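Reading through the structure tokens given below for one structure.
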Amino acid sequence: MQIKPAHGSKQVQLTTSRRRFMQGSAGAAMLASGLIPATAGAASGLVALVHTQAAGDAGPVDSMISKLKLLADEQGFQYRTIYAQDPATYETIFRTLGDAGASVVVSTFNEVTEPFQAVAPHYPETKWVQLFGDPMDPPISNVVTVSYDYYLGCYLSGIFGAKVSEAGKIGFIGGISIPPLNADFNALKAGVQSVNPDATVTAAFAGSFQDPAKGQEIATQMFSDGIDYIQTDAAATDFGIIAAANEVEGRMVSALDPAQYSHGPTSVISIVGLDFGVSLYSEVSSALGDAWAGGTHVNTGLGTGVIEFIRSPLYADQGPDDINARSDAAWSAVQAARAAILDGSLTVPFNTEL
Amino acid sequence: MDEMIIAILRSSTPLIYVTLAGVLAQRTGIWNLGLEGLMIIGACATVLGIAITGSFLQGFLLAVGLCVAASVLLWFVIERLKANQIIAGLGLTGLGLGGTAFAVEAYMGSQVAVTVSSGAPKAGPVLGAFGVLSIFVLLMPVVVLGLWVLLKCTRFGLQLAACGEHAFAARSVGADPSRIRLIALAAGGVLCAAGGAELATGSLQLFAQNMTAGRGFMAFAAVIFGAGHPVWSTFAALFFAVAGVLGIRVQLTFGDNIPHGLLQTLPYLATILGVWVSGKLRGGAKAATLTEEQSDV
């Protein structure tokens, strides 16, 4: 594209005016966004959730927002939920919240580790909580990290899937191939092969947690390959996977959140539930209390109320009788494995390599 | 085989409609980087319209209205305010992505995914296995052909191309480049509404934030790949869709032996390769230059 050079004063004035207009617009947008409250300095008690995946996933983000609203209503604090779509903006957002005097800042996933490390030490009065993160090395005195043994739920899903699948073909669709999701797939595969060594387990990644159309394309190809049980791990992309399963009776999906049951009453047979909302509620409650211990790491797994493998009650009511019968028969094996994991007699490897 | 063809048609149709919108804009000398924003407005408005009225037709008309309005806004910013068209287009994309999230929150009370019980009308059992395809898929070849005829064989099409190639010459024969760009962008708005509606209601019947996932930018690449020609750009969009579907097939077939990250890059590598080959063979789309004459319009 050719750009016309600014020859005359009129052109220069126009350029200057446009720049001022843009600067003014940017300032107005910041104010309108409410990111910086007018009474920033007096905003003690502000709790902010910075989520790095979009809301509307009928899963982790929606659950966190819902529980934060609930806790805010119960305890009467001010809260903000901010969607940070661009990793380049994480640090700026965290600094802005620190400057605004936020009491607690909660964010999600490993991608915020470095921004937390860069920002948290400069705002010692703010308590920082990273959900789904590895322990900080070295620990930071005002940061708590929380990790989840989600892969254990996937292991149980593998056992269940292997027993309810007629074809002996299991699928796994993740959002992006990152270490925790790779571990989920490997655990699913281990669970499948623990009860049916001849079964096949196939993985695919959509490349996005927010692309239902891609999820539908992948799931359709998997189902046409004869796979009849898919474990999802892809947030809003799951909607497309469930839509593909709904097209033909007998296709089964194990999803992530109870909110997904209603999207596939006869296809969503179970979930590996990870209740981020419960976890956020617990961590923020703790951070607002006097006994909060920063610089620590919290690990949650089965038996904590945060992670569970759960059968869909809707599917039990409306699903095909033959599959429900197989589900009933499989459940005892799932429960036995769960008990063995909890008492330490069964160890599921955490393998992040594909 | 049928399922593979259905997958390719489902995947390519939204992309093709939006690509055609990009072709119309490019022909008039505008690189429309707002395609992503227009597409998501179309998707969101269709689903919200269905949720509000219960009618697909009314939902789609709402999408058309909003996409045309957004396109007119783009025209106003570029033509009247003399803004840089690249920045204005990116601004429209930001407006679309942010505005749809805001609209969903305003209507639903939270940023949930919106699902509806009905979607775009389907072809029906008369087409056998292909009966699951929506009317947008069936109409797509007609629209492509119609646009080709419009651009190739009609006075308006020639005026439209003239605006992009030499606005002064177009004006000298009585054409008004600004008005023609307005018409082209507005028509592109209708096409983007169709693309968004197909994406959200062709087979899914839902709207989730950012669900276009860069398809508007892929469409923009298809315009370049196809040198701004409606048929070649359609084939470019089809090529991207085929690459995406085959990319999934490769993942499922070779995923145990080749890193998934590498396999997922294949469609994008194919895109880059395609654009490069296109540039070599055809000279790519002629650069849409805002000549001095156009700038003064």
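Out of everything in the stretch B:83-137 that is loosely packed, with under 13 Cβ neighbours inside 10 Å and of a type in the set (S, T, N, Q), what residue ends up being farthest from the other protein chains (Cβ to nearest Cβ)?
B:S118
Filter the stretch B:229-247 down to the residues that are in a helix (DSSP H, G or I) and over 16 Å from B:S11 (Cα atoms), then identify the one that is farthest from the other protein chains (Cβ to nearest Cβ).
Applying the filter and picking the extreme gives B:V231.
Quick one: B:V242 ticks every box in (1) within 23 Å of A:F172 (Cβ to Cβ); (2) at pLDDT 80 or above; (3) β-branched (V, I, T); (4) surrounded by fewer than 22 Cβ atoms within 10 Å (Cβ to Cβ) except a single one, so which number is it?
(1)
Can A:R95 be described as of a type in the set (K, R) and in a helix (DSSP H, G or I)?
In short, yes.
Check every one of the helices (runs of 4 or more DSSP H) wholly within the stretch B:153-228 and list those with 1 or more residues that are within 14 Å of another protein chain (Cβ to nearest Cβ), at pLDDT below 90 and in contact with a Lys or Arg (Cβ under 6 Å, 6 or more places away or on another chain). Talk me through it step by step, then tell me what you get.
Details: elements: B:155-165, B:167-172, B:177-201, B:215-225.
So the answer is B:155-165.
In the stretch A:224-241, which residue that is crowded, with 24+ Cβ neighbours inside 10 Å and within 16 Å of B:A7 (Cα to Cα) is farthest from the other protein chains (Cβ to nearest Cβ)?
Restricting to residues being crowded, with 24+ Cβ neighbours inside 10 Å and within 16 Å of B:A7 (Cα to Cα), the top hit is A:I241.
Going by the structure shown, is B:G59 more than 23 Å from B:I86 (Cβ to Cβ) and buried (at least 20 other Cβ atoms within 10 Å of the Cβ)?
Answer is yes for this residue.
Does A:I176 fit the bill of being surrounded by fewer than 24 Cβ atoms within 10 Å (Cβ to Cβ) and β-branched (V, I, T)?
Spelling it out, A:I176 is indeed surrounded by fewer than 24 Cβ atoms within 10 Å (Cβ to Cβ) and β-branched (V, I, T).
Is it true that some residue in the stretch A:147-162 is in contact with a Leu (Cβ under 6 Å, 6 or more places away or on another chain), in contact (Cβ under 8 Å) with a residue 40 or more places away in the chain and within 14 Å of another protein chain (Cβ to nearest Cβ)?
Among the residues of the stretch A:147-162, not one is in contact with a Leu (Cβ under 6 Å, 6 or more places away or on another chain), in contact (Cβ under 8 Å) with a residue 40 or more places away in the chain and within 14 Å of another protein chain (Cβ to nearest Cβ), which makes the answer no.
Just a yes or no: is a residue in the stretch B:20-27 within 11 Å of chain A (Cβ to nearest Cβ) and either not in a strand (DSSP E or B) or not aromatic (F, W, Y) (or both)?
Taking the stretch B:20-27 as the starting set, the residues that turn out to be within 11 Å of chain A (Cβ to nearest Cβ) are none.
No, the conditions are met nowhere in the stretch B:20-27.
Quick one: which of B:A63, B:A129 is at pLDDT below 95, in contact with a helix residue (DSSP H, G or I) (Cβ under 9 Å, 6 or more places away or on another chain) and not charged (D, E, K, R)?
Only one candidate qualifies: B:A129.
For the structure I just gave you, tell me whether B:I16 is in contact (Cβ under 8 Å) with a residue 40 or more places away in the chain, surrounded by fewer than 24 Cβ atoms within 10 Å (Cβ to Cβ) and in a helix (DSSP H, G or I).
Values: in contact (Cβ under 8 Å) with a residue 40 or more places away in the chain: yes; surrounded by fewer than 24 Cβ atoms within 10 Å (Cβ to Cβ): no; in a helix (DSSP H, G or I): yes.
For B:I16, the condition - in contact (Cβ under 8 Å) with a residue 40 or more places away in the chain, surrounded by fewer than 24 Cβ atoms within 10 Å (Cβ to Cβ) and in a helix (DSSP H, G or I) - is not met.
Looking only at the stretch B:73-92, decide whether some residue is in contact with an Asp or Glu (Cβ under 8 Å, 6 or more places away or on another chain), in contact (Cβ under 8 Å) with a residue 12 or more places away in the chain and hydrophobic (A, V, I, L, M, F, W, C).
The answer is no, given that none of the residues of the stretch B:73-92 is in contact with an Asp or Glu (Cβ under 8 Å, 6 or more places away or on another chain), in contact (Cβ under 8 Å) with a residue 12 or more places away in the chain and hydrophobic (A, V, I, L, M, F, W, C).
Please state which of the following conditions B:T93 fails to meet, knowing it meets all the rest: (1) of a type outside the set (A, V, I, L, M); (2) closer than 29 Å to A:I218 by Cβ; (3) in a loop (DSSP other than H, G, I, E, B).
With (1) of a type outside the set (A, V, I, L, M); (2) closer than 29 Å to A:I218 by Cβ; (3) in a loop (DSSP other than H, G, I, E, B) applied to B:T93, the lone miss is (3).
Could you check the stretch A:264-354 for helices (runs of 4 or more DSSP H) lying wholly inside it with 3 or more residues that are aliphatic (A, V, I, L, M)?
Numbers: elements: A:276-288, A:313-318, A:321-343.
In the stretch A:264-354, the matching helices (runs of 4 or more DSSP H) lie at A:276-288, A:321-343.
Inspect the stretch B:256-274 for any residue being at negative phi, modelled with pLDDT of 85 or more, assigned to a helix (DSSP H, G or I) and within 14 Å of chain A (Cβ to nearest Cβ) and give the result as yes or no. Reasoning before the result, please.
Taking the stretch B:256-274 and keeping what is at negative phi, we get B:256-274.
Still in the list and also modelled with pLDDT of 85 or more: none.
The answer is no; no qualifying residue exists.
When you look at B:A63, is it in contact (Cβ under 8 Å) with a residue 40 or more places away in the chain, assigned to a helix (DSSP H, G or I) and over 11 Å from the mean Cα position of the chain (by Cα), yes or no?
It is true that B:A63 is in contact (Cβ under 8 Å) with a residue 40 or more places away in the chain, assigned to a helix (DSSP H, G or I) and over 11 Å from the mean Cα position of the chain (by Cα).
Could you check the stretch A:195-216 and list, in sequence order, the residues that are buried (at least 24 other Cβ atoms within 10 Å of the Cβ), facing chain B (nearest Cβ under 7 Å) and in a loop (DSSP other than H, G, I, E, B)?
A:G207, A:Q210, A:D211
The values are calculated or read from the model by the stated rules, or taken from the named source; none is laboratory data. Just so we're clear, the structure is a prediction, and the values are computed from it rather than from any experiment. Reconstructed Cβ throughout: ideal geometry from the backbone, glycine too, with neighbour counts over all protein chains shown.
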